[in-house]
Amino acid sequence: MSSKLLGHVWDLDLPDSTTKLILLRLADNANDETGECFPSLAYLQDKCSIKSKTTIRLALTKLQELGFILVIKRKKESGINTSNLYKLNMEKILTKTKITKNSSVKSSGSETVPLDGSETVPYGSETVPLDGSESVPRTNNSFEPIINQSISSSSEQVQTKSPKRKLEKFSNDDLTTAEWMFSQLQKLNPKIKYPNINRWANEVRLIREIDRRSHREICELFQWANRDGFWKSNILSPHKLREKWDQLEMKRQSQIQFGEVERKMSFTEKNAMQWNRPEDWEGVF
């Protein structure tokens, strides 16, 4: 996971929330040094809670046209296609972040910036535009055959998990933040019920406008709580994050500044945790 890239992607000005969510997922999977990752479309569809694979392909195409990613087609030695390799243009992401922060004029970002040099890709590679091929459903970064499908512009309706906004005043970035938070909870519990995402986005707006927290600060604190042995089972929504913000931030800063060793949890805290998976038991006794 590339936490370094993740923070900068949040500050980018992208065409829509779906495109930003896809780039966030790629950054979350990417290698810190090379910016490379190779998730399948099925993996992106599952982790981003997007119904249509066409929506994902369109978002990837936009990111490629804007020069934020390079798409490399890969094949096994047998000639069978495997998942594409995505190489994030780290230099452009960092540059665009600086422009967004330091300039009141938004950059169009319409030009494609090629990535540097050639690289060695497992099983052979060639740079190609996004096509209809994709990996069969699998876990991330595994190699499996691809089932060819064509992108349908008429028969398949572009849909996402996010419903249409009604009277809420939240922004697209508020909605993207809410969707990202839910994707983090899915890592802990893949069967978690999909929430009222509009309500979540509106809660993010309140944290941003009333509490004066940036999207980046919201996501960093939620990610910390999501990895803490006790808080990961208690902070399950933007509302809970807002309610416990000061308590969480004090605990996080204490660990960062003083290298505080995690205390053993009380019986009440242990009893409040989830115990359905082996990782929930690690480091408890």
Going by the structure shown, is THR97 open to solvent by less than 50 Å² (accessible area, probe 1.4 Å), modelled with pLDDT under 80 and in a helix (DSSP H, G or I)?
-> yes
Quick one: which of LYS53, LYS62, LYS75, LYS4 is of a type in the set (D, E, K, R) and at pLDDT 90 or above?
-> LYS62
Going through segment 201-215 one residue at a time, which ones are in a helix (DSSP H, G or I) and either touching a helix residue (DSSP H, G or I) at 6+ places or on another chain (Cβ under 6 Å) or of a type in the set (Lys, Arg) (or both)?
-> ALA201, GLU203, VAL204, ARG205, ILE207, ARG208, HIS215
The residue that is most open to solvent (accessible area, probe 1.4 Å), considering only those in segment 181-236 that are farther than 21 Å from MET250 by Cβ and among the aromatic types (Phe, Trp, Tyr), is TYR194
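The values are calculated or read from the model by the stated rules, or taken from the named source; none is laboratory data. It should be emphasised that the depicted structure is a prediction, and the values quoted were computed from it without experimental measurement. A quick note on method: Cβ atoms are made from the backbone with ideal geometry, for glycine too, and the neighbour counts reach across all protein chains shown. For accessibility, only protein heavy atoms count, side chains too; no ligands or nucleic acids. Shrake-Rupley method; radii C 1.70, N 1.55, O 1.52, S 1.80 Å.
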